[in-house]
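Novice: Sharing a structure, written as structure tokens. Questions coming.
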Amino acid sequence: MISSPPTSETGSFPTDDESRKFERIKTRIHENSEEASFYVANEIADLIRQRQKSGKKVVLGLATGSTPTKVYEFLVKFHKEEGLSFKNVITFNLDEYYPMAPDSIHSYVRFMEEHLFDHIDIKKSNVHVPDGTLEKEDVKDYCRAYEQKILKAGGLDIQVLGIGRTGHIGFNEPGSTLVSKTRLVRLDRVTKLDAASDFFGLENVPARAITMGVGTILSAKRIILMAWGEGKADIIKQAVEGPVRESVPATFLQHHNNCDFILDEAAASSLTRVSTPWLVSECQWDETLIKKASIWLSEKLNKAILKLTNEDYNEYGMGSLVAEIGSAEHINLIVFNQLQRTITGWPGGKPNADDSKRPERKDPYPKTSLIFSPHPDDDVISMGGTLLRLVDQGHDVHVAYQTSGNIAVFDDEVIRFLDFTREVEQDNEDLQKQVKEVREFLENKQPGEVDSPQIQYFKGLIRKGEALSACRYCGVKESNAHFQNLPFYETGTVKKKPYSEADIQQTYELLKQIKPHQIFAAGDLSDPHGTHRVCLNIIYRALDRLVKEKASWLKDCYVWLYRGAWQEWDIADMEMAVPIGPADMQRKKNAIFKHQSQKDSAMFPGNDNREFWQRAEQRNKATAKNYNALGLAEYEAIEGFVRYHFM
């Protein structure tokens, strides 16, 4: 069940010192990144105010990237609404790509100006960002001078950090030493892959960067490392609980006596006290935790659920569970029955059947199902088998494509489509002129340059045509395909605007119009570009508005969250599991293939080299294999869903 879980500091997880026995760095877990960012911004603001009272300076080490943006947003808000002054603040940024012009859209100079410096009263002379325009022979001297400026300012009072997938802090890649100082470094391939979407291609990412060293960072009086999202969970576990090693530079922070990791629940999800709390101390056992623990034990021992013994539970810290429930056999049956009841071949509910132990209701039949798809292919990638099943079983299926997905179309696709159209419409002078303009623009386009509105429109049309093709193949009426093109997305760049009232209102109106009995939405929050998370928040806000208005149809509406494009639900979380046979898996892949502009090589593949159809197939098959290993029926593939309770 997805609702509003408590933070790990105050919720059902153990909070005593014993629960943190695996942690080598102090960690603070917040419910979400906004709450966490507010906490960090307040700490920074409090220090600024304290120093102002005594007439002293504050020296801040600042980071870039998506992680600290909300912190900067709060600091700007404190300045504008509460009068927080930054006149006594000196800043030193961690890093900068090299070479890099300060006015480039990729420059960290520009990033800091847009997110912070242009909106506060900081003195320009107090701002320091590594210079990406230097001649190579001048870099060493510049880096030494950068270190001296930090020392002359009195040293870093607070150093703000994010963390990369390799465990890098700043651009200190694996292999960096404990005493390294500001220097020119070569970027790791994984780091470049993570940056590729911002630069519209791996080949456009600079190979080097200037960065503060690990030693520079560790010299700060206070260090705050922030991490958000499931994608950071594994590296956070390594940094917090693993041994200190050069291959994970963030582990060096274990040497600092005033370093905190500030995490949201998703980034903290792999920490032992969160993922397996029974290994660290006594637990408050509830239905959800019992299910999670039994599945974990089954997978750990490679045993089916029904084969687990009292000794197995006792050996892995769950003796209190056996004492509370009575026996391993009783626990096993409870969990096995829970899992069995998640499996259904009727995602819209089975008519004329007992639905008391099914995830979906039998009535009404047929249902109106609304599938929200953040990008034009997420519906078929993540729940294509379920979509096909809903159509086959007679439900009225609608798909709402929340964004145009236009930035994910290669330039050559536009030329290909326009050339075809030009040949068909040879007498259309206006079209011939447009084709010429587009070709000229694309021929002179610089890496990372934003497309013209005209080209953005054409790219959006390509994605729209592919989505309609997939709808036709799946049996969804074209009139049931709703292209929202939400405004927050339409920037022409990977960086999007914050969602606004316009996005919420548009979604609210669509829900009011369709009045679905089922809503399916993407809960795939590891999307590295954040679009899925934003799209889900917009849906939540629209639903909140309808709840306040007491919309009568809502009481008959279930909301199901799917995953698949970037990750899959854990079996312990799944509340509906829809089996997919070999024939339907092939149909699902065929539907994905309709999105030809994303085939073979997607513009933004993330950190997974597989094509989206391969990811979908292999994840669905892995889910089925995991169900089978737990002792349940063997299926070809399974799509999993979690229910969101909004009322």
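The values are calculated or read from the model by the stated rules, or taken from the named source; none is laboratory data. Owing to the predicted nature of the structure, the values given are computational and were not obtained by experimental measurement. No Cβ is skipped: glycine too gets one built from the backbone with ideal geometry, and neighbour counts run over all protein chains shown. Heads up: the accessible areas ignore ligands, DNA and RNA and are worked out on the full protein's heavy atoms, side chains in. Shrake-Rupley method; radii C 1.70, N 1.55, O 1.52, S 1.80 Å.
Novice: How many residues does region 106-129 hold that are surrounded by fewer than 16 Cβ atoms within 10 Å (Cβ to Cβ) and under 24 Å from the mean Cα position of the chain (by Cα)?
Specialist: Qualifying residue count for the region: 1.
Novice: Of all residues in region 130-159 being under 19 Å from I44 (Cα atoms) and not charged (D, E, K, R), which is most open to solvent (accessible area, probe 1.4 Å)?
Specialist: Restricting to residues being under 19 Å from I44 (Cα atoms) and not charged (D, E, K, R), the top hit is G154.
Novice: Check every one of the helices (runs of 4 or more DSSP H) wholly within region 262-352 and list those with 3 or more residues that are open to solvent by 20 Å² or more (accessible area, probe 1.4 Å), of a type outside the set (A, V, I, L, M, F, W, C) and within 23 Å of E31 (Cβ to Cβ). Reasoning before the result, please.
Specialist: On the way: elements: 272-275, 287-301, 310-315, 319-325, 328-342.
Ranges flagged: 287-301.
Residue-by-condition table, conditions (1) more than 30 Å from Q340 (Cβ to Cβ); (2) in a loop (DSSP other than H, G, I, E, B):
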| position | (1), (2) |
| --- | --- |
| V547 | yes, no |
| W569 | no, yes |
| A572 | no, yes |
| Q614 | no, no |
| A624 | no, no |
| E639 | no, no |
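Novice: Continuing with this model, one more query. Inside region 399-444, can you point out the residues that are of a type in the set (A, V, I, L, M, F, W, C) and open to solvent by 70 Å² or more (accessible area, probe 1.4 Å)?
Specialist: Going through region 399-444, the residues of a type in the set (A, V, I, L, M, F, W, C) turn out to be 399-400, 407-410, 414-415, 417-418, 420, 424, 431, 435, 438, 441-442.
Correct list: F410, F417, F420, V424.
Novice: Ok, one more. Quick test for you: out of E34, E9, E18, pick the one residue that is farther than 24 Å from M112 by Cα, at pLDDT below 95 and part of a helix (DSSP H, G or I). Full working, then the answer.
Specialist: Numbers: E34 fails: farther than 24 Å from M112 by Cα; E9 fails: part of a helix (DSSP H, G or I).
Step by step, each of E34, E9, E18 is checked, and only E18 is farther than 24 Å from M112 by Cα, at pLDDT below 95 and part of a helix (DSSP H, G or I).
Novice: What are the pairs with Cβ atoms under 6 angstrom where one residue, in region 241-257, is farther than 12 Å from A220 by Cβ and modelled with pLDDT of 95 or more and the other, located anywhere, is open to solvent by 40 Å² or more (accessible area, probe 1.4 Å) and β-branched (V, I, T)? Sequence gap at least six, or different chains.
Specialist: T251/V244; Q254/V244
Novice: Pick out the one residue from Y499, Y489 that is open to solvent by less than 20 Å² (accessible area, probe 1.4 Å) and within 24 Å of the chain's Cα centre (by Cα).
Specialist: Values: Y499 fails: open to solvent by less than 20 Å² (accessible area, probe 1.4 Å).
Only one candidate qualifies: Y489.
Novice: Tell me, please, whether a residue that is crowded, with 16+ Cβ neighbours inside 10 Å and aliphatic (A, V, I, L, M) can be found in region 445-454.
Specialist: Within region 445-454, the first condition is being crowded, with 16+ Cβ neighbours inside 10 Å, and the residues that meet it are 448, 451.
With aliphatic (A, V, I, L, M) added as a condition, the list becomes none.
The answer is no, given that none of the residues of region 445-454 is crowded, with 16+ Cβ neighbours inside 10 Å and aliphatic (A, V, I, L, M).
Novice: Right, another one. For region 618-642, which positions are within 29 Å of the chain's Cα centre (by Cα) and charged (D, E, K, R)?
Specialist: R619, K621, K625, E636, E639
Novice: When you check W560 against the structure, is it part of a loop (DSSP other than H, G, I, E, B), among the aromatic types (F, W, Y) and either under 17 Å from M383 (Cα atoms) or over 19 Å from the mean Cα position of the chain (by Cα) (or both), yes or no?
Specialist: Working: part of a loop (DSSP other than H, G, I, E, B): no; among the aromatic types (F, W, Y): yes; either under 17 Å from M383 (Cα atoms) or over 19 Å from the mean Cα position of the chain (by Cα) (or both): yes.
Spelling it out, it is not the case that W560 is part of a loop (DSSP other than H, G, I, E, B), among the aromatic types (F, W, Y) and either under 17 Å from M383 (Cα atoms) or over 19 Å from the mean Cα position of the chain (by Cα) (or both).
Novice: Within region 546-553, is there a residue that is open to solvent by 60 Å² or more (accessible area, probe 1.4 Å), among the acidic types (D, E) and farther than 30 Å from Q505 by Cα? Talk me through it step by step, then tell me what you get.
Specialist: Pass one, region 546-553, residues open to solvent by 60 Å² or more (accessible area, probe 1.4 Å): 548-550, 552.
Filter once more, so that each one left must be among the acidic types (D, E): 549.
Restricting the remaining residues to those that are farther than 30 Å from Q505 by Cα gives none.
No; the residues of region 546-553 include none that is open to solvent by 60 Å² or more (accessible area, probe 1.4 Å), among the acidic types (D, E) and farther than 30 Å from Q505 by Cα.
Novice: What pairs come out if I take residues in region 467-478 that are farther than 17 Å from S369 by Cβ and pair them with residues that are surrounded by fewer than 16 Cβ atoms within 10 Å (Cβ to Cβ) and modelled with pLDDT of 95 or more whose C-beta lies under 6 Å away, six or more apart or interchain?
Specialist: Here the result reads L468/E478, each pair linking region 467-478 to a residue that is surrounded by fewer than 16 Cβ atoms within 10 Å (Cβ to Cβ) and modelled with pLDDT of 95 or more.
Novice: Of everything in region 372-388 that's of a type in the set (S, T, Y) and closer than 17 Å to K621 by Cβ, which residue is surrounded by the fewest Cβ atoms within 10 Å (Cβ to Cβ)? Lay out the reasoning, then the answer.
Specialist: Applying the first criterion (of a type in the set (S, T, Y)) to region 372-388 yields 373, 382, 386.
Checking the rest, the ones that are also closer than 17 Å to K621 by Cβ come to 382, 386.
Working: S382: 31, T386: 26.
Applying the filter and picking the extreme gives T386.
Novice: Look through S54, S3 and report the one residue that is small (G, A, S), under 30 Å from M576 (Cα atoms) and either open to solvent by 30 Å² or more (accessible area, probe 1.4 Å) or modelled with pLDDT of 95 or more (or both). I'd like the intermediate steps shown before the answer.
Specialist: Working: S54 fails: under 30 Å from M576 (Cα atoms).
After ruling out the rest, the residue left standing is S3.
Novice: When you look at E73, is it closer than 30 Å to A233 by Cα, open to solvent by 30 Å² or more (accessible area, probe 1.4 Å) and among the acidic types (D, E), yes or no? Even if it seems obvious, please write down each step before you answer.
Specialist: Details: closer than 30 Å to A233 by Cα: yes; open to solvent by 30 Å² or more (accessible area, probe 1.4 Å): yes; among the acidic types (D, E): yes.
Taking the combined requirement at face value, the residue satisfies it.
Novice: Can you name the number of the only condition in (1) open to solvent by 10 Å² or more (accessible area, probe 1.4 Å); (2) at pLDDT 90 or above; (3) more than 24 Å from K291 (Cβ to Cβ) that N609 fails?
Specialist: Of (1) open to solvent by 10 Å² or more (accessible area, probe 1.4 Å); (2) at pLDDT 90 or above; (3) more than 24 Å from K291 (Cβ to Cβ), only one is false for N609: (2).
Novice: Can you tell me which of L370, L321, L339, L308 is out of contact with any His (no Cβ under 8 Å at 6 or more places or on another chain) and under 30 Å from R389 (Cβ atoms)?
Specialist: Details: L370 fails: out of contact with any His (no Cβ under 8 Å at 6 or more places or on another chain); L321 fails: under 30 Å from R389 (Cβ atoms); L308 fails: under 30 Å from R389 (Cβ atoms).
None of the others qualify; the one that does is L339.
Novice: Additional query: Find the residue count for region 200-256, including only residues that are outside any loop (DSSP other than H, G, I, E, B), within 23 Å of the chain's Cα centre (by Cα), hydrophobic (A, V, I, L, M, F, W, C) and crowded, with 20+ Cβ neighbours inside 10 Å.
Specialist: The qualifying residues number 10.
Novice: Being free of Cβ contacts under 8 Å to residues at least 60 places away in the same chain and of a type outside the set (F, W, Y) is true for just one of L510, L546. Which residue is that? Break it down stepwise before answering.
Specialist: Working: L510 fails: free of Cβ contacts under 8 Å to residues at least 60 places away in the same chain.
None of the other options fit; the residue is L546.
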